[in-house]
2 protein chains.
Amino acid sequence: MDVATLCLAVLAHGPASGYEIKKELEDGAYSHFFRASFGSIYPALARLAQEGFVTGREQEQAKRPDKKVYRLTPAGKRELSRRLQAPIGPDYIRSEFLLVLFHAELLPARHRRALIEERIRQLQACIAEMTGGGEAACNRYEGSGPAFVHGYGLAIYKAELDYLDSQRRFFDLPGANAA
Amino acid sequence: MDVATLCLAVLAHGPASGYEIKKELEDGAYSHFFRASFGSIYPALARLAQEGFVTGREQEQAKRPDKKVYRLTPAGKRELSRRLQAPIGPDYIRSEFLLVLFHAELLPARHRRALIEERIRQLQACIAEMTGGGEAACNRYEGSGPAFVHGYGLAIYKAELDYLDSQRRFFDLPGANAA
DNA sequence: CATATCATGTAAGTGGTTACATGATTGT
DNA sequence: ACAATCATGTAACCACTTACATGATATG
């Protein structure tokens, strides 16, 4: 599943410009399980428009640069549905955090401690943002799918935090013979 | 952190050939948080040897192709330590599973159910393999680092399974108007 | 008899990212 | 004044994957 499919997916929730799609992928619900940069989003949208899966309408704005608002065509919606039903690949995970801690014995104890404390802070912030009602990004989405995925992510983050909390003793293991 | 660093990391646990490193990344403990293919491992090892971070010794084998066993040099160990202490990037996650389920409403109910049941099966298998004592791959590693990471992964997988179990009602939501 | 495992390596292709180019507007 | 936000797009680059080339041995 490439960036084009991702764009179709985001657009299924309503029309948006390339810039808005990027923001969604950066701060919104999608950020927890996908990623893409401008350099891949803009060409993907242009291609999708050419293929007839989206239409892009130039929209002037007062005191802002013009933006090109894309929306799904009926063909685009069918295409998205088709792509979502294709066999899925396995989750791709690449965690430098876990790679480094796998070799905790090669690190100075304080460095190990700093890594874990930073991780705890990040997880707490993330959980707070996802739990706290209000203007949180994910609130924009309605329906069982987004709610299910939201709960899924939250369950994982909570489990990570709980685990780190239960492993506080790991912080204070004898220091390493560092470089 | 690139494949070269990953190779240094694997070699820190003992000498290995390119083929063995790949196996480790595919079935071993590393498989849960990193990935690499032959096409990137072999050139990385050649480069590391050229830089003096590893030495490769050709080893003949009876009834098997020769293999080139690499081992970390003292400089290589220092280099690994140095690289592990560099600032780490955020976890990179790309889950087609979550992307598809985020759009559950666009899918036929049976497809949604099949995805989740498959996921449950995978998680159960994974947890069983990690929990069950015996010849499991991760048992090769000793020390607090590997144990910590093992526990971390297990905590996540268990949380995912628990969540899916708690959401069984999600399976039977009204079907979608599929393509 | 076919397929899987063991074993190394290269070349072509790909799906992205980073950096660049451009520029008004708003907040600090 | 300086940085951030809004906004689009291109070009150069990069790390990695897939497929190819080669071939013996073991397994079902």
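The values are calculated or read from the model by the stated rules, or taken from the named source; none is laboratory data. This structure is a prediction, so every number in the text was calculated from the model and none was measured. When we count neighbours, we look across all protein chains shown, and the Cβ atoms used for this are built from the backbone with ideal geometry, even at glycine. When the accessible area is computed, the model is the full protein with side chains, heavy atoms only, and any ligands, DNA or RNA have been set aside. Shrake-Rupley method; radii C 1.70, N 1.55, O 1.52, S 1.80 Å.
Considering each residue of the stretch B:3-38, count those that are open to solvent by less than 10 Å² (accessible area, probe 1.4 Å), under 14 Å from A:ILE93 (Cβ atoms) and in a loop (DSSP other than H, G, I, E, B), and give that number.
Here the count works out to 2.
Within the stretch A:55-114, take every residue that is among the β-branched types (Val, Ile, Thr) and open to solvent by 20 Å² or more (accessible area, probe 1.4 Å) and give me the one that is nearest to A:ILE41 (Cα to Cα).
Within the stretch A:55-114, the subset among the β-branched types (Val, Ile, Thr) is A:55, A:69, A:73, A:88, A:93, A:100.
Those left that are additionally open to solvent by 20 Å² or more (accessible area, probe 1.4 Å): A:55, A:73, A:88, A:93.
On the way: A:THR55: 15, A:THR73: 18, A:ILE88: 21, A:ILE93: 22 Å.
Ranking the qualifying residues of the stretch A:55-114, first place goes to A:THR55.
What pairs come out if I take residues in the stretch B:36-64 that are more than 19 Å from B:HIS13 (Cβ to Cβ) and pair them with residues that are among the polar types (S, T, N, Q) whose C-beta lies under 8 Å away, six or more apart or interchain?
Sorted first by the residue in the stretch B:36-64, then by its partner, the pairs are B:GLY52/B:THR73.
Checking the conditions here, which among A:GLU60, A:GLU142, A:GLU96 is acidic (Asp, Glu) and closer than 23 Å to B:TYR92 by Cα? First the steps, then the outcome.
On the way: A:GLU60 fails: closer than 23 Å to B:TYR92 by Cα; A:GLU142 fails: closer than 23 Å to B:TYR92 by Cα.
The match here is A:GLU96.
Go through the stretch A:72-156 and tell me which helices (runs of 4 or more DSSP H), entirely inside it, have 1 or more residues that are touching a strand residue (DSSP E or B) at 6+ places or on another chain (Cβ under 9 Å) and facing chain B (nearest Cβ under 10 Å).
Numbers: elements: A:74-84, A:96-102, A:109-131.
In the stretch A:72-156, the matching helices (runs of 4 or more DSSP H) lie at A:74-84, A:96-102.
Which one is surrounded by the most Cβ atoms within 10 Å (Cβ to Cβ) among residues in the stretch B:163-179 that are modelled with pLDDT of 75 or more and more than 7 Å from every other protein chain (Cβ to nearest Cβ)? Please lay out each step first, then the result.
Our first condition is that a residue be modelled with pLDDT of 75 or more; within the stretch B:163-179, this holds for B:163-170.
Restricting the remaining residues to those that are more than 7 Å from every other protein chain (Cβ to nearest Cβ) gives B:164-166, B:168-169.
Working: B:LEU164: 19, B:ASP165: 10, B:SER166: 11, B:ARG168: 11, B:ARG169: 8.
Filtering the stretch B:163-179 for residues that are modelled with pLDDT of 75 or more and more than 7 Å from every other protein chain (Cβ to nearest Cβ), the one surrounded by the most Cβ atoms within 10 Å (Cβ to Cβ) comes out as B:LEU164.
Which one of these does A:LEU98 not meet: (1) closer than 30 Å to B:ALA147 by Cβ; (2) near DNA strand D (Cβ under 8 Å from one of its atoms)?
The single condition A:LEU98 does not satisfy is (2).
Taking A:GLN50 as the residue in question, decide whether it is more than 14 Å from every other protein chain (Cβ to nearest Cβ), within 19 Å of B:ILE93 (Cα to Cα) and open to solvent by 70 Å² or more (accessible area, probe 1.4 Å). Before the answer, list the steps.
Working: more than 14 Å from every other protein chain (Cβ to nearest Cβ): yes; within 19 Å of B:ILE93 (Cα to Cα): no; open to solvent by 70 Å² or more (accessible area, probe 1.4 Å): yes.
It is false that A:GLN50 is more than 14 Å from every other protein chain (Cβ to nearest Cβ), within 19 Å of B:ILE93 (Cα to Cα) and open to solvent by 70 Å² or more (accessible area, probe 1.4 Å).
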